Each structure stands twice: as C-alpha cells, then as structure tokens.
2 protein chains.
Amino acid sequence: MVKEIMADTLVTDEKGARILLAEIIHTDYLFAYIGRIIYGKTGLQNVYVFENNFWGRMLFINNGLQFTSRDEFIYHEALVHIPVQASPENSVKRVLICGGGDYGASRELLKYPQIEEVIIVDIDPQIPKIVEEYFPELLPENPKDPRLKLIVADAYEMVKRYKEEKQLFDMVIIDSTDPDVSITGVTQELSHALFGEDFHRMLYEICPKGIIVQQCGTPFTMQNILVETYKTFKKVYPEKEIYCYRANVPSFGGDNAYLMRCPYPNPETPKWEEIPNTYYYTHEIHKTSFGLPKYWREVLK
Amino acid sequence: MVKEIMADTLVTDEKGARILLAEIIHTDYLFAYIGRIIYGKTGLQNVYVFENNFWGRMLFINNGLQFTSRDEFIYHEALVHIPVQASPENSVKRVLICGGGDYGASRELLKYPQIEEVIIVDIDPQIPKIVEEYFPELLPENPKDPRLKLIVADAYEMVKRYKEEKQLFDMVIIDSTDPDVSITGVTQELSHALFGEDFHRMLYEICPKGIIVQQCGTPFTMQNILVETYKTFKKVYPEKEIYCYRANVPSFGGDNAYLMRCPYPNPETPKWEEIPNTYYYTHEIHKTSFGLPKYWREVLK
C-alpha cells in the first residue's frame, strides 16, 4: 500500500488523472498530495509538475520537491535578499547563480537596478523550459531582461573555466538540489560536487571579495547536509567569515539552512536603505534570520 | 484510496498492526506516517498514541497531531521560556496553565527554582494519564514536585472561579488544542472559548500585571487562528502590550505563532541572566523569535 503511492511509480501514470502522490521526507514519514501530474518527463533528471489545491503547482526533480507556487517566494527571497542587503550598497554588480535554472533567484536579483549582470549556470535544459511554461511567476519581471544570461552547463565545469579565464564576480549563489545524502541523515557522504571543497576553492578565486551563499537543506530532517557543507566552508574560508541563517519554507518540512561566506562585518545588519518589492523579506526578518536554535548551534560547532 | 488512510478510520484498527496513518493538513495535503497505534480511545476527545520511526511517539487528539517525542521540546520551550525570560527576574511566582495536561509546559516552568506554584487546568482526564504512561519525558524532572497542581476542569469555568475568588497569577499560559476553524482558514469563526474575548477579560483580571501567552497555531496553514486571536487580544489588552513571536515546530508543518500580552518593556530582550537546561531556547533565539515574515506582519495589521 505504501509502495503504490510512491512518487517514482507515478511518472508513468496517465496524465491528468487525480492521484495521491507521496514524497518521502524521512524513514516512515511522507508528505502526500492529492492532485494531477500536468507534466512528467524522464531526462537528465526525472522532472514532473504536479497541481494541488493547496500548494498550487509543485516542481519535483528526482522525486524530491523543489518548490511550490505557494511558498517559493520565501526560499528565494531569503536566498537572495539577505546576502545582497548584507553587502555594501552598490557593491553587487555581477552575480553568478550555480543551479537556479528555475529563474527564482534571478527574479529577486534583477529587482535591484544596481545589479548589472546575472548569470545562471544550470546543468539541466529542461528546468528553464518547464518554468517558462508552468511557473511564469518565477520569471524576472522583464523575462527578456538584457542583464540576465542563462547558460546550460555543469556549474562545476563552468566555474573552472571562469577561474582559468580569471573572471570575477561580486557574489555567487549556489541554488542547487540537495546533495545526495542518506535520508537518515547520519552516515552517508555528500556526493554532489557543488557542495565540495574543490568547488568552493574555485569559487573563492572567482569571488574573492564578495558573498558566497549556499542553500543547505532542512537540517531537522537532513542534518548531514548542513554538517558536511559547514565542514567544507571551514576548510576553504576564514572561520570568522562563515555565517548560517534560516528561513521557514513550509513545503520543505522545516526551516531551510543557508551557509554564507561573508567578508563584510555584521551581515545580520542590513546595509541597504531600500528594499525592492518583497513578500517575505524585510529588514526585521534580515536581522532575526541569523538567530539559530540551540540544537543547530551544536551542529555548527 | 485516500479515504482508506484517513486517521479517523484507524482508531478501531487492530492494535499493533503496522499501518499508514494520514493527517489532513489542508485541502488535498496530508502528512502520512507509517507505524503502529499503541493506544487508542474514544472519550471526551478521541485520543491515540502512534509510534513512528522518525518522530518517535506522537499524540493525536481528534485526529490532529498534538506533539511528537522528537520536536515537542521546541514548542514547549518557546511557549514557556520566552515569556518567563521576558519578565523581570524573580517576578514569576505563581503560574496558571490553561490546557497543558500533557505536562510539557509545566516541565519547563518547574526548571526555575524561583517559580513557587504551577497550576495546570485541563478538561480531559485522559491526557495526563496517557503522558504518564507513554511520554514520561514530558513530566517535570521531579514528577511529584510539590509546586505542581493538576486540576481536571474546564479552564473557562476555573478561571471564572479564580476571578470571583479574586485570585491572582503572575503569568497565564494558554496551551490548548487549536480552536475549531475551517481547514481552509478563511471563513469559519473561532468556536473555542479559550480564544474568545470573555475568557481574556477574565484572564486580565486574574493576571493584571503579568504576561498572558497563547499558542495560535501555524499561520501558514491556519492563518485564521492568528487573525482571530489577534482581534480578541486587541479588544481586551492595550495594543502596545501585544506581541507575536514564532518557533519552527517541524511536525506542525510550519512556524507556530504565539501571541503575548506583555506589560513589560522590550520583551524581545531577555531579562534573566541564567537559563535552565534547554535544547531549543537560548538568549539568541529569544531575541530573534519576534522577527516575523512580511506576510505575517500584514495579517497582524
């Protein structure tokens, strides 16, 4: 009975039928959604779009929920506005997004007229196309904004090339799927290259003076991602430049963690006077996002 | 297929069988748990205890999850330590808990040697017994602590009596189930007396000088509870004494809201030097718990 509602059995279901879709969150713990698959395809990654009465549209990649229409704004606003506003005003001109093929992070960045160039490097050509068709609200206000470049490539290889070409960025955002860790969150190693030491050493070279921020999953159910990424950060960046903040993204099942290398003092104090149009982010949220539960602090020791 | 996994069909299942239990969070959105019902009884409220590999033990009342072994500490520590530490040191001697028959709030209060008396008034005699048997970790460190009194009664009637007897408390904690609102969170009225104006007017009389704090559900899925309770607070208490704070309790599906009437200035600054043994609460968390997302602030206008 459990098996028959697993997400990975559903991609082949008849399109349009109302089904119960279950997402494994942890051992014997699932989120279940009733609705319709309106797009499903097996490619570089298994991708489908699901429509649900509460969440609106939901994007699943490899059976893991990436975002929903209803709460993606929280994830993306926290990912972007906290590092931007923690940087000195007008210091952010050129931004690299590793992953982020869903456009959400670029939408937030392009709200700042001061930002001159945003480059998305995403490995999967499916994602931008799906978002353009099924999630137009994630596109930048001007979808043809000339400041935006979308490159379909492995971000690891692209960063390697940028390093060789001695290109520089004022900010790097790593907006990827969660790395491949055990759902028990205890024993397995991280496999995803974008979470590793080599990748971050290259990022440090192409972004020596700016913020480098990485989404690190939901520690309550996937503590290992934060633990291992923090180890990576400590190997590469000065410890006093490493900060963790959080945002509650309800569809993720708990607070999402973000790790940030920030060379500027007091990142918990926003540096900009103005805020573009947002639904989650305010300076009040900025100042309080760095307050972590005791059980997170113990993980970050 | 959906119907057959609904929680309310399960209470009569054979005890000990491994089943899939689903809790309705919102329209077409469910949490599903695989495990065993180890206690189930229909009484004043329908109560059962479920055992799950990730959450440990879970208490359901009227098909709504009340708490889990794994994250109840977050809910209870935020409910208790924020109001206690927002009060002047040693000003809290006598505390009334309305609801709270699960002992969790009293466990946290009794960690303070300065607190002299804690009275729990819970309507359902089942709950303390179930907790004593299945959730001993929720009991106070000394389960026979002479400072603790448990009264099985309707808190509304008991508060009425306290008011007539001109009894006074230094703090009141309303630790009840969510009131009966529509799961769509839009149209239906609050029905639960502990969330109403009459009840709060009585509380104001028995606790004129201290903090009155009430759990207000998870606004992302049940916004109406916070909206309506805030209206009640504004009718009864001076607006400048009303504060909202939050804590992420993952099993609730989002941040839980707490409303507080606090006559002391700057409740976001903890007033006590020392903190008893906690797993969630720190002064860092205290200071940042009052930072609310923009979409909450708009609800509280």
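Computed from the coordinates by the stated procedures, all read-outs in this text should not be read as laboratory data. Because the structure is a prediction, the values reported are computed rather than measured. Note: ideal-geometry Cβ built from the backbone for every residue, glycine included; neighbour counts use all protein chains shown.
Miscellaneous remarks
- Estimated dipole of the protein assembly as shown in Debye, rounded to 20 [Cβ of Lys and Arg +1, of Asp and Glu -1, Cα centre]: 860 debye
- The mean number of Cβ atoms from other chains found within 10 Å of a Cβ in peptide A:247-259 is 4, as a whole number.
- Dipole orientation for the stretch B:72-299: of the candidates B:PRO219, B:ILE123, B:PRO293, B:PRO293 has the Cα lying most toward the positive pole (charges on Cβ; Lys, Arg +1; Asp, Glu -1).
- Peptide A:280-287, shielding by other chains (average Cβ, 10 Å cutoff): 4
- Using the Cβ-Cβ distance between A:LYS149 and A:ASP198 with R0 set to 22 Å, the FRET efficiency works out to roughly 0.35.
- Shielding by partners - mean other protein chain Cβ count within 10 Å, residues of B:52-62: 2
- Nearest 10 degrees, 0 to 90: helix B:219-236 Cα axis against chain B principal axis: 30 degrees
- Computed [θ] at 222 nm, deg cm²/dmol, the protein assembly as shown (DSSP H ≥ 4; -39,500 (n - 2.57); rounded to nearest 500): -8000 deg cm²/dmol
- Using a 7 Å Cα-to-Cβ projection, A:GLU298 label spacings across copies, nm, ascending: 3.8
- With the highest mean first, a sort of the peptides A:280-289, B:196-205 on other beta-carbon atoms found within 10 angstrom per residue produces A:280-289, B:196-205.
- Shape category assigned to the stretch A:72-299 from the gyration tensor of Cα positions, a/c cut at 1.5: rounded
- Residues B:MET171, B:MET158 arranged by fewest to most Cβ contacts within 10 Å: B:MET158, B:MET171
- For the cross-link pairs A:LYS235/B:LYS271; A:LYS111/A:LYS287; B:LYS41/B:LYS294, the ones whose C-alpha atoms lie over 32 Å apart are A:LYS235/B:LYS271; B:LYS41/B:LYS294.
- Restricting the stretch B:72-178 to GluC sites (Glu not before Pro) that sit in a DSSP loop and have at most 15 other Cβ atoms within 10 Å of their own Cβ leaves B:GLU89, B:GLU116, B:GLU141, B:GLU165.
- Cα gyration tensor category, rounded, prolate or oblate, for the stretch B:65-190 with a/c compared to 1.5: rounded
- For the stretch B:229-287: rounded, prolate or oblate by the Cα gyration tensor [a/c cutoff 1.5]: oblate
- Against chain B, whose longest principal axis is taken from its Cα atoms, helix B:197-206 shows a tilt of about 50°.
- In this assembly of identical copies, the label point of B:GLU165 (Cα plus 7 Å along Cα-to-Cβ) is separated from its counterparts by 7.9 nm, sorted shortest first.
- Residues A:TRP272, A:TRP55, sorted so that the one with the fewest Cβ neighbours within 10 Å comes first: A:TRP272, A:TRP55
- Pseudo-label separations to other copies for B:GLN114 - Cα-to-Cβ vector, 7 Å, nm: 4.4
- Cβ charges +1 (Lys, Arg) and -1 (Asp, Glu), total dipole of chain B, debye: 500 debye
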